1. Of the residues 173, 160, 167, which single one is farther than 19 Å from residue 256 by Cα, in contact (Cβ under 8 Å) with a residue 40 or more places away in the chain and crowded, with 24+ Cβ neighbours inside 10 Å?
2. Tell me, yes or no, whether the stretch 179-195 has at least one residue that is among the acidic types (Asp, Glu), open to solvent by less than 10 Å² (accessible area, probe 1.4 Å) and closer than 21 Å to residue 236 by Cα.
3. Go through the stretch 182-231 and give me each residue that's at pLDDT 95 or above, assigned to a loop (DSSP other than H, G, I, E, B) and of a type in the set (A, V, I, L, M).
4. Just one of 152, 213 is over 22 Å from residue 111 (Cβ atoms), crowded, with 24+ Cβ neighbours inside 10 Å and polar (S, T, N, Q); which is it?
5. In the stretch 216-269, what residues are touching a Ser or Thr at 6+ places or on another chain (Cβ under 8 Å), crowded, with 18+ Cβ neighbours inside 10 Å and either of a type in the set (Asp, Glu) or at positive phi (or both)?
6. Is it true that some residue in the stretch 178-188 is over 19 Å from residue 144 (Cα atoms) and out of contact with any Pro (no Cβ under 7 Å at 6 or more places or on another chain)?
7. Quick test for you: out of 167, 173, pick the one residue that is assigned to a strand (DSSP E or B), over 18 Å from residue 92 (Cβ atoms) and at pLDDT 95 or above.
8. Residue 145 fails exactly one of the following numbered conditions: (1) assigned to a helix (DSSP H, G or I); (2) closer than 14 Å to residue 199 by Cα; (3) of a type outside the set (S, T, N, Q). What is the number of that condition?
Amino acid sequence: MIEARDTDASPKDGGTDIRPGGGRADRRAKPARSRLPLIIGAAVLAVAVAGGVIAFFVLGGEEEATGAPGNGAQISPVAYTPQTSDKDMAKLAQRSADQRPVTQGEAFPADVKSVAYQKYTFTLAASQLSNDCKAVTWGQRLQADLARHQCSQIARGAYVSQDKQHVGQFIAVNLASQDGAEQIVRTLDPATGAGFVLPLTAPGTPDFAKGFSAAYAQAYGHYAVITWVQRAGGAQPASLNEMIDTSLAIEKPADFVWGRLELVDGTQR
């Protein structure tokens, strides 16, 4: 039986955990640091939205305003697996040591436009970097916690599988501290009813829908990173491993945090 759990609650209190064995580190080893140079300077299009600056990129060139990426429905994952910060990220625990804002090209460099794990291959259909954390989230409690912990940026990437049978969202939230990132990981648990990040829509790809979806969340220093996947249309997956494997494919953009750690640490691995 798959039980639900909250990081601050007993298993019976909510948030389905579909991960075998425990932590995200159990699903896949950390990426090799030597292959994580920061890739800066990709061309981006800046757009003013709701008083905040949002940069977005769509594969295949610029889109007309009606075809630009946008916010999807106010939905939460059915299965949610939270985890606290990796111990290797201690030097990245405070944004005061990592003050430069994340850039579009850093979060979504060329090597994350096509990602794969096991039999699943995904393409980055759209990406967006928002300085207005409220504009890309829903739920009063979540938005209050984001403000309390000084959210300065939310990066979102919309992925679609080659056969368009699966969709995924990569999300990174820039907070003031590791404590804040860990709190947001707890707040995002659907058992709390606090709200969630709005899925990024991409022209020509299936939108995230009500139904079954699974999300994995972890604090990496002062960043909260979430991977969120589902079968297109929200159908029940054939197995839990299907969700795990698809989430492992789309978590590759999280490599940027290791580059940030290298800068703070003053070393190049």
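The values are calculated or read from the model by the stated rules, or taken from the named source; none is laboratory data. For clarity, every value in this text was computed on a predicted model and none was experimentally measured. So basically every Cβ, Gly included, is an ideal-geometry build from the backbone, and we count neighbours across all protein chains shown. Keep in mind that these areas ignore ligands, DNA and RNA; they rest on the heavy atoms of the full protein, side chains included. Shrake-Rupley method; radii C 1.70, N 1.55, O 1.52, S 1.80 Å.
1. After applying the criteria, what remains is 167.
2. Yes, the stretch 179-195 contains a residue that is among the acidic types (Asp, Glu), open to solvent by less than 10 Å² (accessible area, probe 1.4 Å) and closer than 21 Å to residue 236 by Cα.
3. 188, 194, 198 - these are the residues of the stretch 182-231 that are at pLDDT 95 or above, assigned to a loop (DSSP other than H, G, I, E, B) and of a type in the set (A, V, I, L, M).
4. Details: 152 fails: crowded, with 24+ Cβ neighbours inside 10 Å.
Exactly one residue qualifies, and that residue is 213.
5. 221, 251
6. No, the conditions are met nowhere in the stretch 178-188.
7. Being assigned to a strand (DSSP E or B), over 18 Å from residue 92 (Cβ atoms) and at pLDDT 95 or above holds for just one of 167, 173, which is 167.
8. Among (1) assigned to a helix (DSSP H, G or I); (2) closer than 14 Å to residue 199 by Cα; (3) of a type outside the set (S, T, N, Q), residue 145 violates only (2).
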